[in-house]
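Throughout, read-outs are computed from the coordinates displayed, never taken from laboratory work. Keep in mind that what you see is a predicted model, and the values were worked out from it rather than measured. Positions of Cβ are backbone-derived with ideal geometry, glycine not excepted, and every protein chain shown enters the neighbour counts.
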Amino acid sequence: MGYSIAQKIIKSHLVEGEMIKGSEIGLRIDQTLTQDATGTMAYLQFEAMGTERVKTELSVAYIDHNTLQAGFENADDHRYIQTVTKRHGIRFSRPGNGICHQVHLERFGVPGKTLIGSDSHTPTAGGIGMLGMGAGGLDVAVAMGGGAYYITMPKIIHINLIGSLPDYVGAKDVILKVLSLLGVKGGVGAIVEYGGEGVKTLSVPQRATITNMGAELGATSSIFPSDEATREFLRKEGREADFLPLSADPDAVYDAVYTVNLSELAPLAACPHSPDNVKAVSELSGMKINQVCIGSCTNSSLLDMLTVARMLKGKTVHPDVSLSISPGSKQVYTMLAECGALADLIAAGARILECACGPCIGMGFSPQSKGVSLRTFNRNFLARSGTADAEVYLVSPETAAASALTGVFTDPTTLGEAPKITLPDTFTVCDNLIELPAPACEAEAVTVERGPNIKPIPKGKAPNENLVSSLILKVGDNITTDHIMPAGAKILPYRSNVPKLSEFCFTVCDKDFPERAKRLGGGVILGGANYGQGSSREHAALVPLYLGVRAVIAKSFARIHVANLINFGIVPMTLKNEADYDKFSEGDEILIEGFAEAIKSGESATLKNKTTGECAELVLAFSARQRKILLAGGLLAYTKSLS
């Protein structure tokens, strides 16, 4: 039996465990990346480990999230990251250089290598044939220190692409089609691997759009072959030497296979408030809109920007629409300026934002009250835009541009012949905003600068013999990390200040939760299915830890979030019978006898409702390593115990 692409990379990087589906494996990590919303914590944790120099082939710190400097907090965090990376052997991408995933694809992605990043959209690198995975900052810190990255050996889902995309249909429509087939939970425990003759018709930036939004499937990663299109992209970047051909064996066996005919696709949109709530744009035609945002790590490549510029050239954005454009990198921005496309965008009335995540994470450009916003982004979770009652739709750049001109949802295929975009033979490469670290012999002389907003990391505690607690919050299905720990311009500046950040924890669901958790001294949270979906932000575990949350019980968990909970000593347990969810209410007093012993050696535990007398069986599906981490009070304490 042959291997898939992902299996080949896993096999060549396996340092612990066996490639048996469902078992825990440890992987050697070649590269890491961080961004500034998660990077501060990652580097504080790296420092706490006591490792002087990173041991990966390459580690890069990007500044792309908290770039709106309304106070000193973000600027202080940037300075901390700049100095700590200089000291410890990490490259630093300065503010303005671009979004981490776009820049990493352009300048550092290598087929066949492994990459983890403290951002859930790190699988963007799969567009170049790299195994990229989102992870919590502490996992990234451990990898930078030379440690393995642990995952459950995934299933492999094969998406067989046939045909070619019609005019005005883009890569965004491909991944929205896949989301409509699999849903936001369909990729959990799996790597999504693309193949088929249709792959040859897609450029690397198009492939990266598709792998980027694999995160919305809940997938461990997504990946494309490395072929002549990959070689051509790397040649244009001046990196052809990094090319490695990589494809699945003809006799590779997959756990599930889906076929998507590119020729049959039409423009699609993800409707509020989930990326898998997909409808055809033709069904929405005529709906009045208020805002259009084009960019983010999903759709901000040169191809995307040139397509939009050509559609807007000589025209004017509708007077009822506010249009923003966020180029993905300085490279893209520079080439737009050089060819005149930037002038076309400005002349049409677009508001040009910096090369950063910006509106995608609620960092400015929020919609008006009850506004309808069309975005080429990857998530449309409730209130993520910064406006609680906004209606956010996810669309392709083609649909976004067409709708910006008309003021209503517009199917771009009704516009006639699509513009033909020819990319330059070589890309403008200038890495002047990517700083090299200090040489090892000079590193100790570097002073790491910490602003007053940077507070100590909360520490986990070893579990008590019995868990006696209150159920301090009960929430439903598909709770995202945006529900647990919101983003946005008002909150993101406190990412390195957990005490302040705690004031916003779960306030999307219950504005009284932070005060109640503090008053009760913490407790246990009960969630529904797919608890913790969304970003890799470990603050969704760190902040509940600070508020005294000792365990989370749910019907099921998202992959990255359950790993983050374990890393910080919060015990995640699932209900053996999902119907038992209804036996418990917020405020109930609960008991788990033999809690510590169950974590140490058991597969199950009994949850008793002291208020009502009801009981439920819990599943403790931990690996031997995870049990040791929980008993130590978290990964940081466990890692220190090994040194």
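Observations on the model:
- By the count of other C-beta atoms within 10 Å, a proxy for reagent exposure, LYS177, LYS185 are ordered fewest to most as LYS185, LYS177.
- The dipole here belongs to segment 268-412: it is taken about the Cα centre, uses +1 on the Cβ of Lys and Arg and -1 on the Cβ of Asp and Glu, and is about 140 debye.
- Per residue, the average separation of C-alpha pairs within less than 8 Å and at least 6 apart gives segment 506-643 a relative contact order of 20 percent.
- Alpha-carbon Debye profile of segment 552-614, log10 I(q)/I(0) at 0.12, 0.24, 0.27 Å⁻¹: -0.33, -1.21, -1.32
- For segment 488-643, the square roots a ≥ b ≥ c of the C-alpha gyration tensor eigenvalues yield an a/c of 1.5 or more together with a/b not exceeding b/c, which makes the shape oblate.
- Residue-wise HN-Hα couplings along segment 505-510, as the Karplus relation 6.51 cos²θ - 1.76 cosθ + 1.60 with θ = phi - 60° gives them from phi, are 4, 6, 5, 5, 8, 7 Hz; Gly and Pro carry x.
- THR612 paired with ILE162, simple spin-label distance in nm, labels 7 Å along Cα-to-beta-carbon: 5.1 nm
- Sorted by Cβ density within 10 Å, fewest first, the residues ASP582, ASP482: ASP582, ASP482
- Convex hull of alpha carbon positions in segment 268-412: directionally averaged projected area 7.1 nm².
- Cα pair count fraction exceeding 15 Å, expressed as % - segment 348-418: 56 percent
- Count Lys and Arg as plus one, Asp and Glu as minus one, and take only other residues whose Cβ is under 13 Å from that of ARG28; the net charge is then 0.
- Taking the charge dipole of the chain about its Cα centre, with +1 at Lys and Arg Cβ atoms and -1 at Asp and Glu Cβ atoms, the residue from MET41, GLY407, THR428 reaching farthest to the positive side is MET41.
- Binning the C-alpha pair distances of segment 79-151 at 5 Å intervals from 0 yields a P(r) profile of 3, 15, 23, 26, 23, 8, 2 %, listed from the shortest bin outward.
- Taken as Cα centroids, segment 62-109 and segment 301-357 sit 23 Å apart, rounded to the nearest whole angstrom.
- Across the chain, the fraction of Cα-Cα pairs farther apart than 48 Å, rounded to a whole number, is 9%.
- Plainly put, segment 392-547 has a radius of gyration that is 1.14 times its Kirkwood radius, both from alpha-carbon atoms, as the Rg/Rh ratio.
- Annotation: the antiparallel percentage among DSSP beta bridges lying fully within the chain is about 35.
- Going from the fewest other Cβ atoms within 10 Å to the most, the residues VAL372, VAL257, VAL619 appear in the order VAL257, VAL619, VAL372.
- Counted charge near LEU436, where neighbours are those whose Cβ lies closer than 9 Å (Asp, Glu -1; Lys, Arg +1): +1
- Angle between the chain longest axis and helix 397-406 axis [Cα atoms, degrees, rounded to 10]: 70 degrees
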